[in-house]
Amino acid sequence: MASTLLRSSLRLVAKPRILSAGSRSFTSSRCIRSENVVIGSLHNFTEEENMLREAVQRFAVDVIGPKVREMDENENMDPSIIKGLFEQGLMGIETSEEHGGAGGSFTSAIIAIEELAKIDPSVSVLCDVHNTLVNTIFRHYGTEAQKEKWLPQLAESKLSSFCLSEPGSGSDAFALQTRAKQDGDHWIINGTKMWITNSYEAEIFLIFANIDPSKGYKGITCFVATKDMGIEIMKKEQKLGIRASSTCSLNFDNLRIPKENVIGGEGKGYKIAIEILNEGRIGIAAQMLGLAQGAFDKAVPYTYQRTQFGQPIGTFQGMQFQIAQAAIELESARLLTYNAARLKEEGRPFTKEAAMAKYWASQVAQKVSGSAIEWAGGVGFTRETGIEKYWRDSKIGAIYEGTSNIQLQTIAKFIQKEYS
Amino acid sequence: MRPSAIRLLNILVPVKRAVDYSVKIRVNPQQTGIDLNAKHSMNPFDEIAVEEAVRLRERMKDAVKSIKAVTIGPPKSIETLRTALAMGADSSIHVEIPESAPAPEPLAVAKTLQEIIKRQKDGVDVVILGKQAIDDDLGMTGQMLAGLLGWSQATFASKVEIDTVKKEALVTREIDGGGQEVRCRLPVIITTDLRLNEPRYASLPNIMKAKKKPVEKLTPADLGIDYTPQLEILKVSEPPQRVGGGKVANVDELVAKLKEAGFTAV
């Protein structure tokens, strides 16, 4: 225990670069400064991050808000919303300016995902997968040529999907069966993917396939393909929640992909998947956080308006205690999420914290959205107010991008390493 | 003297940081004004002004040489300037007053803008500003500025067109009876009304670009303007609480109740 503390404090002194990329322009002096290190609360954001939060908030309330119910009832993402996200520069948040993106921080992406989720978690996950999974893979593992080719399209107009899961492999991701066989200067891919987000509207797909099963997971390789290469979009799932987010199965029947579409090198797919899902975890935490906050923000004002027995129901002590507890849970999820984001920005290990954030935020989302329905009573149970939608949407949080049990296992492994 | 060739437009957009439109306003305990511990953002009519300037540039391309935003306010007002820059302004000026100072009155604001306009090397051809701020609803600054400068003015604009060849602005104004079209010689002061346009959301790339755009800092002393208030607010109070009404059984009862309340017309 003591050795870890010493190690991390040494790190603080040795790396004055602890100032996160975003902290360069703190506009307030409410931080403790000590030599080369700035220590501020997690309520500190750069001017750009604050402006982004406001801009996304307004966009979400004005443009997405009116369409949320319709999209949920129809299980369909309105194309004008996808277009709006691209126009607002929200589909290339961390992508560099030279590649058509905004050159923003990782926390900026987290902020955008949170604010979108407050209004519609379906739109939020669309933005999250595209930014934290697909864009980041190109940025970290793509060659210069690949970045030049794909990042601008991804930032400006083309939606993408991350294709890892299959009918037979979810948590056991590396048991995937999709095969890639070499044929001259092409790879031929055969297999089926399932549970793929954005797949109905996407044009660019990152596909994980095994080029050499004899090597086990070390044969898994990441390929980029476009829809017009022959990807078959099959059954669109009818889901409990995030219904507007398309979740389809994909079929690859002798799909021909040029050799230059291998990302990160042959056999490196498992490494890419593991590392990218670590980051993606923080994105999902942000989505769940926004969802919980959105439900809370919708239900609580109602409790101060609705009167029974001569007083607003929100002033009964029982209700006050429930609301206060929900607020505590929200704040804890918020701190876990933003701290994981800042740790990642600082270049420090963040896997354990990311797992904690995702696990906890999804639990909080379930609890708070469930309470929100009860606080609003019968009205909360009808689909009109949109409160029940948050509860339905929250369930997936404990399942995708690493189930809750997997998160707990990940965290336990770190603890075991530390303490034994 | 202005050359007779087509002149490039220099647009000035004054903006104000005001209480956000969505806030539930409360009167402060001293009853001297509203409770300012609330969310602030750019005055909505000023957003429309910035948007109009940016749209003029999109329509007229290179004919618009510069769009400069200016604000008079405490240190936090810089956020308002950043929003204007993120929406498309090229540069900005922040006339900084202390946090504790009272809000400047329209005449002081107009005098400040007059002085700033005087000091612009390239001159100013069009000033677009909101018709009023939603915190005080005074609606005077544009008109006072036009008076001080002796420029043409077109207030409550719902449509703006600028002709750089004829050096004129064609503005449709919203008046009680409907719309009024006026033709003004440049330079001109235009104040915006609600239906002029719908302001854009600052996109993320533009927010990042705004970081690099210049903000010139000035103080009232630099400009030689005295901000001492000429008016003293004696009292601000909320409107009386709505009292419940009563139900009447028929028209005769209604008439009787109206007569009781003093309506002699029935």
- Message: For chain A, set up a GNM with springs between Cα atoms under 10 Å and report which of A:K149, A:K367, A:K193 has the largest fluctuation.
- Response: A:K149
- Amide H of A:M194: which non-local residues (sequence gap of 5 or more, or other chain) have their own amide H closer than 5 Å, using H built in the peptide plane? A:S165, A:E166, A:L250
- Binning at 10 Å from 0, report for segment A:249-343 what percent of all alpha-carbon pair distances ends up in each bin. 13, 25, 21, 17, 12, 8, 4, 0
- Just for the Cα atoms in chain B, what are the lengths along the principal axes, largest first, rounded to whole Å? 75, 42, 39
- Task: Please report Rg over Rh for segment B:26-122, where both radii come from the alpha carbon positions and Rh follows the Kirkwood definition.
- Result: 1.02
- Query: Just going by the charge dipole of the protein assembly as shown, with Lys and Arg at +1 and Asp and Glu at -1 on Cβ, which of A:A155, A:A175, B:Q30 is farthest out on the positive end?
  - Reply: A:A175
- Message: Just to be sure I understand: of the beta bridges DSSP finds with both ends in segment A:152-217, what percent are antiparallel, rounded to 5?
- Response: 55 percent
- Query: Based on the Cα atoms of segment A:278-420, what semi-axes does the equivalent ellipsoid have, where each is the square root of 5 times one gyration tensor eigenvalue, given in whole Å with the largest first?
  - Reply: 33, 15, 12
- Query: Taking the alpha-carbon set of segment A:148-202, what are its Rg and Dmax in Å?
  - Reply: 13.9, 35
- Note on the structure: Percent antiparallel among DSSP beta bridges confined to the protein assembly as shown, nearest 5, equals 60 percent
- Query: Local charge sum around B:D62 (other residues, Cβ-Cβ under 14 Å, Lys/Arg +1, Asp/Glu -1)?
  - Reply: +3
- Message: Can you show me the helix-derived [θ] at 222 nm for the protein assembly as shown, built from DSSP H runs with n ≥ 4 at -39,500 (n - 2.57) apiece and divided by the number of residues, rounded to the nearest 500.
- Response: -13000 deg cm²/dmol
- Item | Accessible area per residue in Å² at 1.4 Å probe, computed on segment B:1-110 | 45 Å²
- Share, in percent, of DSSP beta bridges within chain B that are antiparallel, nearest 5: 40 percent
- Query: Out of residues 5 or more away from A:R306 or on other chains, whose amide H comes under 5 Å of its own, with H placed 1.01 Å from N in the peptide plane?
  - Reply: A:I313
- Query: So which residue, out of B:A169, B:A202, B:A84, gets the largest mean-square fluctuation from a GNM of chain B using Cα contacts under 10 Å as springs?
  - Reply: B:A202
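Dividing the alpha-carbon radius of gyration of segment B:3-44 by 2.2 N^0.38 Å (N being the number of residues), what value is obtained? Before the final figure, lay out the partial values.
On the way: Rg = 18.5 Å, N = 42, 2.2 N^0.38 = 9.1 Å.
Ratio of Cα Rg to 2.2 N^0.38 Å: 2.03.
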- Query: Given a Förster radius of 45 Å and the C-beta distance between B:E238 and A:I274 as r, what FRET efficiency does 1/(1 + (r/R0)^6) yield to the nearest 0.05?
  - Reply: 0.15
- Ratio for segment A:131-170, C-alpha Rg to 2.2 N^0.38 Å, reads 1.33
- Query: Where does the charge balance sit around B:L113 when Lys and Arg score +1, Asp and Glu -1, over other residues with C-beta under 12 Å from its C-beta?
  - Reply: +4
- What's the long-distance tail for segment A:175-296, i.e. % of Cα pairs beyond 22 Å? 41 percent
- Message: Over chain A, with the other protein chains present, what is the accessible area per residue in square angstrom, probe 1.4 angstrom?
- Response: 44 Å²
- Item | Sequence of B:E198, A:E388 from largest to smallest accessible area, 1.4 Å probe | B:E198, A:E388
- Do you know the relative contact order of segment B:1-71, to the nearest whole percent, from alpha carbon pairs under 8 angstrom that are 6+ apart? 48 percent
- Task: Give a residue-ordered list of calculated ³J(HN,Hα) values for segment B:159-176 (Karplus: 6.51 cos²θ - 1.76 cosθ + 1.60, θ = phi - 60°; whole Hz; x for Gly, Pro).
- Result: 7, 10, 9, 10, 10, 6, 6, 7, 6, 10, 10, 10, 10, 9, 9, 8, 10, 3
- Query: If r is the Cβ-Cβ distance from B:A63 to B:N28 and R0 is 51 Å, what FRET efficiency results, to the nearest 0.05?
  - Reply: 0.65
- Ignoring ligands, DNA and RNA and using a 1.4 Å probe, state the total buried accessible area between A and B in Å², rounded to the nearest 100. 1600 Å²
- Query: What percent does the relative contact order of chain A come to when contacts are Cα pairs within less than 8 Å and at least six residues apart?
  - Reply: 15 percent
- Task: Could you go through segment B:83-97 in sequence order and give the Karplus-derived ³J(HN,Hα) for each residue, using 6.51 cos²θ - 1.76 cosθ + 1.60 with θ = phi - 60°, rounded to whole Hz, and x for Gly and Pro?
- Result: 5, 4, 5, 5, 7, x, 5, 8, 8, 8, 10, 10, 8, 8, 10
- List, in order, the whole-Hz ³J(HN,Hα) value for each residue of segment A:277-283 obtained from phi through the Karplus relation with A = 6.51, B = -1.76, C = 1.60 and θ = phi - 60°; use x for Gly and Pro. 6, 4, 5, x, 4, 5, x
- Message: Along each principal axis of its Cα atoms, how long is segment B:157-266 end to end? Whole angstroms, biggest number first, please.
- Response: 69, 39, 37
- Message: Given bins 5 angstrom wide, list per bin the percent of all Cα-Cα distances in segment A:94-215, short to long.
- Response: 2, 10, 17, 19, 20, 15, 9, 5, 1, 0
- Share of carbon and sulfur in the accessible heavy-atom surface of chain A [1.4 Å probe, %]: 54 percent
- Sorted largest first, the Cα spans of the protein assembly as shown on the principal axes come out in Å as 92, 75, 56
- Item | Compactness of segment B:1-70 as Cα Rg over 2.2 N^0.38 Å, two decimals | 1.64
- Query: Highest GNM mean-square fluctuation, chain A, Cα pairs closer than 10 Å: which of A:R281, A:R348, A:R306?
  - Reply: A:R306
- Just how many pairs of Lys in segment A:252-408 have C-alpha atoms closer than 19 Å, counting pairs that are eight or more places apart or on different chains? 12
- Whole-percent carbon and sulfur contribution to the accessible surface of segment B:154-222 (1.4 Å, no ligands, DNA or RNA) stands at 49 percent
- Cα pair distances of segment A:49-157 binned at 5 Å [whole percent]: 2, 13, 24, 24, 17, 11, 6, 2, 0
- Task: Mind jotting down the distance between the C-alpha centroids of segment A:331-409 and segment A:295-318, whole Å?
- Result: 24 Å
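Across peptide A:100-106, how many C-beta atoms of other chains are within 10 Å of each residue C-beta, on average?
Details: counts 1, 3, 7, 5, 4, 1, 0.
Mean inter-chain Cβ contacts per residue within 10 Å come to 3.
What does the charge count near A:L126 come to, summing +1 for each Lys or Arg and -1 for each Asp or Glu among other residues with Cβ under 10 Å from its Cβ?
Counting the neighbours of A:L126, the net charge comes to -3.
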- Residues whose built amide H sits under 5 Å from the amide H of B:K159, excluding neighbours closer than 5 in sequence, are B:T172
- Query: Simple spin-label model, 7 Å along Cα-to-Cβ: B:K166 to B:A249 in nm?
  - Reply: 6.9 nm
- Task: Could you work out the relative contact order of segment A:242-344, using alpha carbon pairs under 8 angstrom and six or more residues apart, expressed as a whole percent?
- Result: 24 percent
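The values are calculated or read from the model by the stated rules, or taken from the named source; none is laboratory data. Fair warning: this is a prediction, and the values are worked out from it, not measured in the lab. Cβ: placed from backbone, ideal geometry, glycine included. Neighbour counts: every protein chain shown. Quick note on the areas: whole protein, heavy atoms, side chains included, nothing else; ligands and nucleic acids left out. Shrake-Rupley method; radii C 1.70, N 1.55, O 1.52, S 1.80 Å.
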